[in-house]
Amino acid sequence: MLSMKKFFCLTAALLTGIFVMAQGTRLSKATPEQMGMSSERLSKIDDVINKAIKDTIVPGAVVCVVREDKVVFLKAYGNKAVYPKVEKMTENTVFDLASCSKCVGTTLSFMQLIESGQVRLIDRVDMYIPGFEPYVGEDGKKVPIRVIDLLTHTSGLPAYVNPYQVEQEYGTADPETAIKWISHCNRINRPGSGYIYSCLNFVTLQNILQNVTGMKLCDYAQQNVFDRLGLRYTTYNPKAQNKKEILKLVAPTEKQPDGTCLLGEVHDPLARVCNKGNSGNAGVFSNAEDLAVICAAILNGGEYGGMRILGPLTVKAMRTVPDEVKRFGRTLGWDNDVHFYTAGDLFSEEAFGHTGYTGPSIVMDPQTKTAVIILSNRVHPYDTGNFARQRATVASIVAGAITQPCLSK
């Protein structure tokens, strides 16, 4: 039997967990100076984002800077909508993360399978997806595609497939025909020999996860990543799930032929049309404060606030470029070769991150324990703006604002 002391401790822990889930986990805030940064230097972010809005590159944005486990900068700019009516951007606006979903949804979930021994990086894809075809060389030699090839975008799979091409070949565009198309499509190069950034890699990882766990990716990630961290506004398919609390905060994306804008539905066609919002390549919706918790957990070796999603060695492996693909700069699910277009010019060589087509970016530097989250809906109302330079510039400003080493060192 439990002692009375242990009983009360367990009860308190359970109640704390319930309270966290109800209220939502947030990082506490601190001034930049308290965390070894310069508020004056960080203020230069305003100029970059405001000019991007003035030049109609984005209608608005939210920028969040994390140092260790504190938010030192959080600010909303411009508007979250300009059509059919103008709506001001707020700090808690929820965005379509596009390809950043590959990291915060698929990768974090998949790394749990690896650390629990359910999947190995060197496993062949056809172990989990029967009939998944290998690469066949000119000499007729077959080379299987492995899990590590998918995570590092070195599988040789094409970059993308339009759902209408899937429909043309198989008569319908749905989750089953999408993975069938990927299983049999042309392999462009030998696995491990070249780099092609491919959404198909992550749809394949999604299907592996679903076959191993018996759960949809969206449900697995919700239960084992988002809810475990106590995130309140992070989910797949907010419209389909009728999550009204989240929907009222969502920034719309592109205007559609019928005159409406996508709202609470993923922008990416493969994810939206074929996979109905549950997709390995896109589909997560989130806001800056929730993503700040994810970044803090990763920078802290997989744990925040007593809630652990990954072990420290798993996180280290995830953010490290495997030796066999060093020249391509891709870690497991993330990008280490980020300085040119995401991490700017000043963060350390350990920095890693990801971008999304709709306008978001996430950058983390383990050496300085700093994260930069930039969220925008640059495809609203039209898919015209190029926000890449501004994201990298903001990252350089943040790195330049660091005046002291990490306090925890």
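Only residues that are assigned to a helix (DSSP H, G or I) and open to solvent by 10 Å² or more (accessible area, probe 1.4 Å) were counted in region 322-363, giving 5.
Looking at VAL203, VAL212, VAL225, can you tell me which residue is touching a Leu at 6+ places or on another chain (Cβ under 9 Å) and open to solvent by 30 Å² or more (accessible area, probe 1.4 Å)?
On the way: VAL203 fails: open to solvent by 30 Å² or more (accessible area, probe 1.4 Å); VAL225 fails: open to solvent by 30 Å² or more (accessible area, probe 1.4 Å).
Step by step, each of VAL203, VAL212, VAL225 is checked, and only VAL212 is touching a Leu at 6+ places or on another chain (Cβ under 9 Å) and open to solvent by 30 Å² or more (accessible area, probe 1.4 Å).
Of the residues making up region 210-223, those that are out of contact with any Phe, Trp or Tyr (no Cβ under 6 Å at 6 or more places or on another chain) and in contact (Cβ under 8 Å) with a residue 60 or more places away in the chain are VAL212, LYS216, LEU217, TYR220, ALA221. Take region 301-321 and flag every residue that is open to solvent by 20 Å² or more (accessible area, probe 1.4 Å), out of contact with any Leu (no Cβ under 9 Å at 6 or more places or on another chain) and assigned to a loop (DSSP other than H, G, I, E, B). Once the filter is applied, which keeps residues that are open to solvent by 20 Å² or more (accessible area, probe 1.4 Å), out of contact with any Leu (no Cβ under 9 Å at 6 or more places or on another chain) and assigned to a loop (DSSP other than H, G, I, E, B), region 301-321 yields only GLY306.
Among the residues of region 376-391, is any among the β-branched types (Val, Ile, Thr), part of a helix (DSSP H, G or I) and either surrounded by fewer than 20 Cβ atoms within 10 Å (Cβ to Cβ) or in contact (Cβ under 8 Å) with a residue 24 or more places away in the chain (or both)? Scanning region 376-391 turns up no residue that is among the β-branched types (Val, Ile, Thr), part of a helix (DSSP H, G or I) and either surrounded by fewer than 20 Cβ atoms within 10 Å (Cβ to Cβ) or in contact (Cβ under 8 Å) with a residue 24 or more places away in the chain (or both). Condition test on GLU33, is it open to solvent by less than 60 Å² (accessible area, probe 1.4 Å), within 18 Å of THR368 (Cα to Cα) and among the acidic types (Asp, Glu)? For GLU33, the condition - open to solvent by less than 60 Å² (accessible area, probe 1.4 Å), within 18 Å of THR368 (Cα to Cα) and among the acidic types (Asp, Glu) - is not met.
Among the criteria (1) open to solvent by 10 Å² or more (accessible area, probe 1.4 Å); (2) at pLDDT below 95; (3) part of a loop (DSSP other than H, G, I, E, B); (4) more than 17 Å from HIS267 (Cα to Cα), the one THR368 does not fulfil is (2).
I'd like to know if region 280-292 contains one or more residues that are more than 14 Å from the chain's Cα centre (by Cα) and either in a loop (DSSP other than H, G, I, E, B) or at positive phi (or both). So far as region 280-292 goes, no, none of its residues is more than 14 Å from the chain's Cα centre (by Cα) and either in a loop (DSSP other than H, G, I, E, B) or at positive phi (or both).
What tally of residues in region 252-278 results from selecting those that are assigned to a loop (DSSP other than H, G, I, E, B) and over 17 Å from the mean Cα position of the chain (by Cα)?
The initial filter retains those residues of region 252-278 that are assigned to a loop (DSSP other than H, G, I, E, B), namely 252-254, 256-260, 262-268, 275-278.
Narrowing further to those that are over 17 Å from the mean Cα position of the chain (by Cα): 252-254, 256-260, 262-263, 275-276.
Final tally of qualifying residues: 12.
Do we have any residue at all in region 103-124 that's out of contact with any Lys or Arg (no Cβ under 9 Å at 6 or more places or on another chain), open to solvent by 10 Å² or more (accessible area, probe 1.4 Å) and without any contact (Cβ under 8 Å) to a residue 12 or more places away in the chain? Yes: region 103-124 contains one or more residues that are out of contact with any Lys or Arg (no Cβ under 9 Å at 6 or more places or on another chain), open to solvent by 10 Å² or more (accessible area, probe 1.4 Å) and without any contact (Cβ under 8 Å) to a residue 12 or more places away in the chain.
The residues of region 94-130 that are β-branched (Val, Ile, Thr), in contact with a strand residue (DSSP E or B) (Cβ under 8 Å, 6 or more places away or on another chain) and not in a loop (DSSP other than H, G, I, E, B), listed by number, are VAL94, VAL104, VAL125. The condition of being free of Cβ contacts under 8 Å to residues at least 40 places away in the same chain and either closer than 27 Å to GLY400 by Cα or among the hydrophobic types (A, V, I, L, M, F, W, C) (or both) holds for only one of ASP335, ASP290, that being ASP335.
The values are calculated or read from the model by the stated rules, or taken from the named source; none is laboratory data. The model shown is predicted, which means the values in this text are computed figures rather than measured ones. Don't worry about glycine lacking a Cβ; one is built from the backbone with ideal geometry, like all the others, and counts go over all protein chains shown. Ligands, DNA and RNA are stripped out before the accessible areas are found, and what is left, the full protein with its side chains, is counted by its heavy atoms. Shrake-Rupley method; radii C 1.70, N 1.55, O 1.52, S 1.80 Å.
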